[in-house]
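*Asks:* Got a structure here, written out as structure tokens. Questions coming.
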Amino acid sequence: MSTGSCPIDHSGAAAACPVTAPVSGAAGFDPFGEAYQADPAGSLRWSRDGEPVFYSPELGYWVVTRYEDVKAVFRDNVLFSPSIALEKITPVCEEATETLARYGYAMDRTLVNEDEPAHMARRRALIDPFTPARLAHHEPMVRRLAREYVDSFADAGKADLVDDMFWEVTLTVALHFLGVPEEDMATLRKYSIAHTVNTWGRPSRDEQVAVAEAVGKFWQFAGTVLDKIRRDPSGPGWMPYSIRLQREMPEVITDSYLHSMMMAGIVAAHETTANAAANAVKVLLENRTVWEEICADPSLIPYAVEECLRHNGSVAAWRRLATADTEVGGVPIPRGAKLLIVNASANHDERHFEHADEFDLRRDNAADHLTFGYGSHQCMGKNLARMELQIFLEELTRRLPHLELAGDQQITYLPNTSFRGPDHLWVQWDPAANPERTDPAVLLRQHPVRIGEPPKRALPRRVVVEEITREAEGVLRLRLADPVGRPLPKWSPGAHVDLEVGGLSRQYSLCGDPGDSAYEVAVLREGAGRGGSRYIHDELAPGDTLNLRGPRNHFRLDPGARRYVFVAGGIGITPIAAMADHVRAAGGDYEIHYCGRDRSTMALLARLERTHGDRLVPHVGSEGTRLDAEHLLATPVPGTLVYACGPERLLSALDTATRHWPEDSLRVEHFTAATGPLDPDGEHEFDVELADSGRTIRVPAGNTVLGALREAGVEIASDCEEGLCGSCQVTVLAGEVDHRDRVLTKAERAVHNRMMTCCSRAAGDRLTLGL
Ligand code: HEM
Ligand code: FES
């Protein structure tokens with residue numbers, strides 16, 4: 001479909017037309033073209049950087065590409081209805097429509113394209129087969145299949161992992177999960193690809209009719225299989241479970257839902273996962289050191305899976321419909337507008353993921369990726385997919401660690417907006433070097449699967465202390481490098497790392513050159529501190545190794561300002577120095593105000609004076625040149641941002657001094673990682689009793705039930721941690737809940753028999769949970 005022009009009436013409007021804006025790439029955006037297929041995130045970098053929400057005349061959709069905007073659209077499934085998620089993106093010709101009608105094709109609402117309140121009622125009813133305990137039952141089946149397929153080609157020296165393994169295994173797992181009778185699996189296999197082309201692809205006129213034939217047959221056969229299951233719904237699987245439930249709640253689990261899900265469920269569980277597996281192996285083999293690391297240590301595999309899903313996910317974009325006039329990322333969006341929200345682009349947004357284009361096994365926020373969507377529709381099958389991916393990677397890395405991508409292949413993708421994975425992935429190896437030939441025990445080894453995302457805490461990386469220099473009185477500068485000389489991940493100004501020192505984890509801002517392959521931090525000796533800085537000052541020596549987590553950035557420099565005022569107090573100069581260096585190198589306008597007690601205590605001062613000359617204004621207590629924040633910031637300057645880091649006293653003086661500035665002009669460094677919306681002053685502490693284990697856990701005013709349970713070693717799944725998705729639900733056996741989620745209905749809340757642990761709390765002083 002091509003609408004040819006922008007749908008907004010610009011007569012008299014101040015805003016530039018999103019299509020015809022001079023630098024716009026919107027007019028050239030082609031989601032069926034090679035560039036988008038091969039690298040959706042890379043092909044939309046121009047958009048993330050300059051025009052993050054734009055109208056595509058080619059598609060007739062508004063395209064959203066930045067992380068925060070994509071997440072905001074996913075989050076609000078009322079303002080942004082999912083009803084068009086399965087609509088055909090390329091309208092079909094009459095002949096194809098007639099063909100579909102001949103087969104009685106009536107694909108309707110399932111879950112993914114259902115509006116509220118019907119969606120949540122159905123999702124809640126049907127979620128049980130996806131709980132970790134139920135998923136665990138599938139592990140032996142997935143492993144058996146993965147082994148059989150690897151057996152079939154291990155001695156060949158060459159395989160197309162898509163055709164020879166992933167396509168088949170994920171389909172068989174999907175059919176088992178759904179509870180399809182064995183004898184019908186072969187027929188269903190034949191049809192599933194047609195649905196993707198039909199829904200998200202751009203088939204030619206002739207292809208449309210052929211695709212419609214296949215889709216029609218798929219639909220009819222899905223109905224036949226469903227009827228068979230109906231006759232005996234006592235077996236295992238999600239469809240028999242849904243049919244049994246239909247007897248209790250026919251208005252929630254409708255006939256139309258069951259028939260549609262019988263077909264859509266296969267696609268949801270199959271192609272997404274087959275593609276994800278092929279994308280994962282491809283990106284891992286392209287990052288050989290990571291591949292070798294996971295071959296050597298399979299406990300790293302869950303982390304690798306998550307980073308693969310982020311870096312090279314299999315759902316590139318999803319769709320929503322605006323139900324009212326609104327704004328996304330500051331761009332007006334009219335009611336009725338269709339949105340293509342590009343998860344793959346969001347997953348490479350530097351504003352959320354530090355050094356986003358690099359593959360980093362130790363990334364602390366890889367699981368924030370949006371490949372499974374977000375909020376109340378977030379993928380229900382994500383942990384089944386994670387399990388499959390872990391098992392595939394474990395079998396391949398253990399048995400074929402010498403695997404490499406075949407060099408002579410041209411990787412192609414099925415042109416469509418959303419489902420992304422190579423058509424074929426040829427790999428090769430020397431069978432004579434298969435470890436199992438010399439050590440048959442390799443065949444039997446296996447590593448336990450982790451159900452769910454990897455632990456929240458990132459894997460540490462080992463670094464060696466290359467150099468320790470006295471930077472100022474009481475301040476040491478450490479230079480930290482990879483022990484075998486590999487460059488450490490890139491970082492952006494304002495980023496920090498966590499260092500494990502003397503049994504403690506402390507955060508330090510990076511203050512060196514972001515282009516350097518090693519990191520530099522400056523550490524003030526804090527007598528009253530928890531002991532981390534004392535350890536660094538008194539014990540640490542060059543050549544020692546440390547565990548480091550990160551880098552991550554909660555203090556990003558907004559590149560859009562016309563001028564920057566940097567204010568630092570004491571050791572707070574470290575992030576500020578990196579920011580000022582960056583703005584200087586980019587030719588920006590800025591000034592630095594650096595406050596300290598005495599010059600001898602001011603770290604980096606000499607270097608800053610050399611680099612920044614009279615842009616640097618030292619405010620030195622012993623010289624009587626203290627900073628007068630009110631005076632400095634007396635007149636708000638449009639387009640100016642104030643970045644500050646330092647002691648609380650300085651930050652609150654700046655807060656007062658900028659009260660009359662435009663909102664958000666002052667940006668300060670927050671070192672506490674999880675600020676969250678919880679206000680401990682407004683909360684009370686209470687106990688949760690775990691009925692199954694007989695334990696009682698205290699939930700302090702400053703923590704969530706989820707956080708307190710995790711700290712006590714009780715694993716609870718979670719996703720949004722904002723009360724939107726239902727993942728963290730637990731059963732409540734006694735006590736009154738103060739519900740704060742958006743998942744449960746008023747009636748469900750009233751019975752107090754379940755709660756979302758990420759946000760809801762006890763109304764009284766005790767809850768008993770079914771854990
Ligand atoms: C929904 C991706 C595997 C079942 C979704 C959505 C995405 C997605 C993007 C829409 C989310 C939203 O609107 O916020 C993926 C990916 C997979 C995968 C990338 C593999 C790597 C699976 C598997 C199943 C499954 C194995 C098993 C049955 C579902 C269901 C929904 C869904 C039932 C609808 C949830 C709802 O609307 O409440 N998936 N999926 N998916 N997925 Fe998956
Ligand atoms: Fe999503 Fe709690 S409701 S994690």
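*Asks:* Under a plain spin-label model, where a point goes 7 Å from the Cα along Cα-to-Cβ, how far apart in nm are Ala210 and Gln446?
*Replies:* 4.1 nm
*Asks:* For the pair Asp115 and Gln409, how long in nm is the line joining their label points, each one 7 Å along Cα→Cβ?
*Replies:* It works out to 4.4 nm between the two label points.
*Asks:* Counting only heavy atoms of the protein chains, get the accessible area per residue of region 680-769 (1.4 Å probe) and round it to a whole Å² value.
*Replies:* That works out to 46 Å² for each residue.
*Asks:* Would you mind calculating the gained length between Ala35 and Asp297 on full extension (0.36 nm times residue separation, minus the Cα-Cα distance), in nm to one decimal?
*Replies:* Stretched fully, the Ala35-Asp297 segment lengthens by 90.8 nm.
*Asks:* So who's got an amide H within less than 5 Å of the one on Tyr61, skipping anything under 5 residues away but keeping other chains? H placed 1.01 Å off N, in plane.
*Replies:* It is Ser56, by chain and number.
*Asks:* Per residue of region 568-574, in order, report the coupling 6.51 cos²θ - 1.76 cosθ + 1.60 (Karplus, θ = phi - 60°) as ³J(HN,Hα) in whole Hz, putting x for Gly and Pro.
*Replies:* 10, x, x, 5, x, 5, 4
*Asks:* Could you tell me what fraction of 2.2 N^0.38 Å the Cα radius of gyration of the chain comes to, as a two-decimal ratio?
*Replies:* The reported ratio for this selection is 1.02.
*Asks:* Leaving out ligands, DNA and RNA, and with a 1.4 Å probe, what % of the accessible surface on the chain is carbon or sulfur?
*Replies:* Here it works out to 51 percent.
*Asks:* Along each principal axis of its Cα atoms, how long is region 23-168 end to end? Whole angstroms, biggest number first, please.
*Replies:* Its Cα atoms span 53, 44, 41 Å along the three principal axes.
*Asks:* Fully extended, how many nm does the chain gain between Asp692 and Thr611 (0.36 nm per residue separation, minus their Cα-Cα distance)?
*Replies:* Full-extension gain reported as 22.9 nm.
*Asks:* Quick check: the distance between the Cα centres of region 480-523 and region 249-307, to the nearest angstrom?
*Replies:* If we compute the Cα centre of each part, the gap is 33 Å.
*Asks:* While we're here: I need the trypsin sites (Lys or Arg not before Pro) found in region 432-536, filtered to DSSP loop residues with at most 15 other beta carbons within 10 Å of theirs.
*Replies:* Counting only loop positions with at most 15 other Cβ atoms within 10 Å, the trypsin sites (Lys or Arg not before Pro) in region 432-536 are Arg445, Lys456, Arg457, Arg525, Arg530.
*Asks:* Now for a different question. Could you compute the FRET efficiency for Ala125 and Ala763, with r as their C-beta to C-beta distance and R0 at 41 Å, rounded to 0.05?
*Replies:* Between Ala125 and Ala763 the formula returns 0.95.
*Asks:* Where does each of Met239, Met141 land when they are ordered by accessible area, with a 1.4 Å probe and the largest first?
*Replies:* Met141, Met239
*Asks:* Would you kindly find the accessible area of Tyr257, with a 1.4 Å probe and non-protein molecules such as ligands, DNA and RNA excluded, rounding to the nearest 10 Å²?
*Replies:* 0 Å²
*Asks:* Give the value in nm², to one decimal: projected area of the alpha carbon convex hull of region 94-444, averaged over all directions.
*Replies:* 19.5 nm²
*Asks:* Could you list which residues have their amide H under 5 Å from that of Val737, counting only those 5 or more apart in sequence or on another chain, with H placed in the peptide plane?
*Replies:* Residues meeting the amide H criterion: Ala763.
*Asks:* Rounded to the nearest 0.05, what FRET efficiency do Arg534 and Asp628 give with R0 = 35 Å and r taken as the Cβ-Cβ distance? Could you check?
*Replies:* Working: r = 34 Å, r/R0 = 0.98.
With R0 = 35 Å, the Cβ-Cβ based efficiency is 0.55.
*Asks:* A follow-up question, please. Would you kindly state how much longer the chain becomes between Ala586 and Arg562 on full extension, computed as 0.36 nm times their sequence separation minus their alpha carbon distance, in nm to one decimal? Working shown, then result.
*Replies:* On the way: separation 24, 0.36 × 24 = 8.64 nm, distance 1.20 nm.
Taking 0.36 nm per residue and subtracting the Cα distance, the gain is 7.4 nm.
*Asks:* Which whole-Hz ³J(HN,Hα) couplings does region 596-611 yield from phi under the Karplus relation 6.51 cos²θ - 1.76 cosθ + 1.60, θ = phi - 60°, glycine and proline marked x?
*Replies:* Listing the rounded values in order: x, 6, 8, 4, 5, 9, 8, 5, 6, 4, 4, 5, 5, 4, 4, 6 Hz.
*Asks:* Using a 1.4 angstrom probe, figure out how much accessible area region 322-467 has per residue, in square angstrom, rounded to the nearest whole.
*Replies:* Accessible area per residue: 37 Å².
*Asks:* Using the Karplus curve 6.51 cos²θ - 1.76 cosθ + 1.60 with θ = phi - 60°, work out ³J(HN,Hα) for each residue of region 171-179 in order, rounded to whole Hz, and write x for Gly and Pro.
*Replies:* Karplus-based 3J(HN,Hα) across region 171-179 equals 5, 5, 4, 4, 5, 5, 4, 6, x Hz.
*Asks:* Which residues' amide hydrogens lie under 5 Å from the amide hydrogen of Tyr413, considering only partners 5 or more residues apart or on another chain, with H built in the peptide plane?
*Replies:* For Tyr413, the qualifying residues are Asp423.
*Asks:* Can I ask one more? Could you report region 563-670's accessible area per residue, 1.4 Å probe, as an integer in Å²?
*Replies:* Working: 5110 Å² over 108 residues.
Per residue, region 563-670 has 47 Å² of solvent-accessible surface.
*Asks:* Separate question: Evaluate the distance, in nm, between pseudo-label points positioned 7 Å from the Cα of Thr438 and of Lys228 along their respective Cα→Cβ axes.
*Replies:* 4.9 nm
The values are calculated or read from the model by the stated rules, or taken from the named source; none is laboratory data. These figures come from a predicted structure and were not determined experimentally. Positions of Cβ are backbone-derived with ideal geometry, glycine not excepted, and every protein chain shown enters the neighbour counts. Keep in mind that these areas ignore ligands, DNA and RNA; they rest on the heavy atoms of the full protein, side chains included. Shrake-Rupley method; radii C 1.70, N 1.55, O 1.52, S 1.80 Å.
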